[in-house]
């Protein structure tokens, strides 16, 4: 895991770490404490009052009757402007623009709150590879030489070994297969971080939340970034009203995919030649 500072990180070193090395980078003190507190308060309000929401890779928690200790809050763009501010941070955009292309989008954006006693997740890889155990449904020759996702975690509470910091297997993103009982997990590490830090990791790196064995909650914001051409896993737009979509900041529009016009109803398009000689248009 690479540790870096927000003011003097080496971009190429960060990108190489995500793709070729451990797969995990922690950038220290990216966010102001007042913004983290506001986001935490909103997350706690919804997590404490809403019905249980969909989560993933929590078979153990469900089987043991502890799924209620694994709480998710979705549709964060619609739950306060602070969430658009946090995800649009300059450091985030600088690194993701280089890692996934300048028109990258958001694939999902939620909060995860692990209560004391919550079991951990099974080790997994993330969308669009999260069902890679059905390898026959993916294209021939798919490999890990270029990224098709990146995960970001913004801690709202201390993420320690005791409180359930995400476990991962360093370098496993280079294998590009779904982890199974024949794999070696003996060198697991944890993505320990503090509120205000930014954790980035390759979604193909085998990972999963650890059990929360502390006496306190462990809440984080979970973000998935995708190249512009991959369909997001969460419908981020339907529950946002037109006023929000028309007036949200430029970076939020990009993240929501509002700048990307496909799929397009070609039969009603008035454009006779939309794509062509693009190198000249650039």
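The values are calculated or read from the model by the stated rules, or taken from the named source; none is laboratory data. Remember, it's a predicted structure, so these values are computed and weren't measured experimentally. Methodologically, a virtual Cβ is constructed for each residue, glycine included, from the backbone with ideal geometry; neighbour enumeration extends over all protein chains shown.
Yes/no matrix, rows are residues, columns are (1) assigned to a helix (DSSP H, G or I); (2) in contact (Cβ under 8 Å) with a residue 60 or more places away in the chain:
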site	(1), (2)
26	no, yes
45	yes, no
48	yes, no
84	yes, yes
99	yes, yes
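Which of (1) within 25 Å of residue 53 (Cβ to Cβ); (2) at pLDDT 95 or above; (3) within 16 Å of the chain's Cα centre (by Cα) is the odd one out, the single condition residue 227 does not satisfy?
Result: residue 227 fails condition (1) only.
When you go through 213, 180, 204, 273 one by one, which is the residue that is in contact with a helix residue (DSSP H, G or I) (Cβ under 9 Å, 6 or more places away or on another chain) and either under 23 Å from residue 25 (Cα atoms) or in a loop (DSSP other than H, G, I, E, B) (or both)?
Numbers: 213 fails: in contact with a helix residue (DSSP H, G or I) (Cβ under 9 Å, 6 or more places away or on another chain); 180 fails: in contact with a helix residue (DSSP H, G or I) (Cβ under 9 Å, 6 or more places away or on another chain); 273 fails: in contact with a helix residue (DSSP H, G or I) (Cβ under 9 Å, 6 or more places away or on another chain).
So the residue among 213, 180, 204, 273 that is in contact with a helix residue (DSSP H, G or I) (Cβ under 9 Å, 6 or more places away or on another chain) and either under 23 Å from residue 25 (Cα atoms) or in a loop (DSSP other than H, G, I, E, B) (or both) is 204.
Whether any residue in the range 237-251 is in contact with a strand residue (DSSP E or B) (Cβ under 8 Å, 6 or more places away or on another chain), surrounded by 14 or more Cβ atoms within 10 Å (Cβ to Cβ) and under 18 Å from residue 96 (Cβ atoms) is what I want to check. Steps first, please.
Of the residues in the range 237-251, the ones in contact with a strand residue (DSSP E or B) (Cβ under 8 Å, 6 or more places away or on another chain) are none.
There is no residue in the range 237-251 that is in contact with a strand residue (DSSP E or B) (Cβ under 8 Å, 6 or more places away or on another chain), surrounded by 14 or more Cβ atoms within 10 Å (Cβ to Cβ) and under 18 Å from residue 96 (Cβ atoms).
Has the range 57-69 got any residue that is modelled with pLDDT of 95 or more, buried (at least 19 other Cβ atoms within 10 Å of the Cβ) and touching a helix residue (DSSP H, G or I) at 6+ places or on another chain (Cβ under 7 Å)? Spell out how you get there, then give the answer.
The first filter runs over the range 57-69 and keeps only residues modelled with pLDDT of 95 or more, leaving none.
Looking through the range 57-69, none of the residues is modelled with pLDDT of 95 or more, buried (at least 19 other Cβ atoms within 10 Å of the Cβ) and touching a helix residue (DSSP H, G or I) at 6+ places or on another chain (Cβ under 7 Å).
Name every residue in the range 226-270 that is in a helix (DSSP H, G or I) and in contact (Cβ under 8 Å) with a residue 40 or more places away in the chain, in order of residue number. Steps first, please.
Keep residues of the range 226-270 that are in a helix (DSSP H, G or I), which gives 242-247, 250-255, 266-268.
Those that are in a helix (DSSP H, G or I) and in contact (Cβ under 8 Å) with a residue 40 or more places away in the chain: 244, 251, 252, 254, 255.
Out of the residues in the range 28-43 meeting the condition of being touching a residue at least 60 places away in the same chain (Cβ under 8 Å) and assigned to a helix (DSSP H, G or I), tell me which one is surrounded by the most Cβ atoms within 10 Å (Cβ to Cβ). Show your work before the answer.
Here is the first cut: in the range 28-43, the residues touching a residue at least 60 places away in the same chain (Cβ under 8 Å) are 28-33, 36, 39-40, 43.
Within this subset, residues satisfying the condition of being assigned to a helix (DSSP H, G or I) are 33, 36, 39-40, 43.
Details: 33: 10, 36: 22, 39: 24, 40: 21, 43: 27.
So the residue we want is 43.
Has the range 157-175 got any residue that is under 25 Å from residue 15 (Cα atoms) and free of Cβ contacts under 8 Å to residues at least 40 places away in the same chain?
yes
Identify, by number, the condition in (1) in a loop (DSSP other than H, G, I, E, B); (2) touching a helix residue (DSSP H, G or I) at 6+ places or on another chain (Cβ under 7 Å); (3) farther than 22 Å from residue 5 by Cα; (4) at pLDDT 95 or above that residue 219 doesn't meet.
Only one criterion is unmet by residue 219, namely (1).
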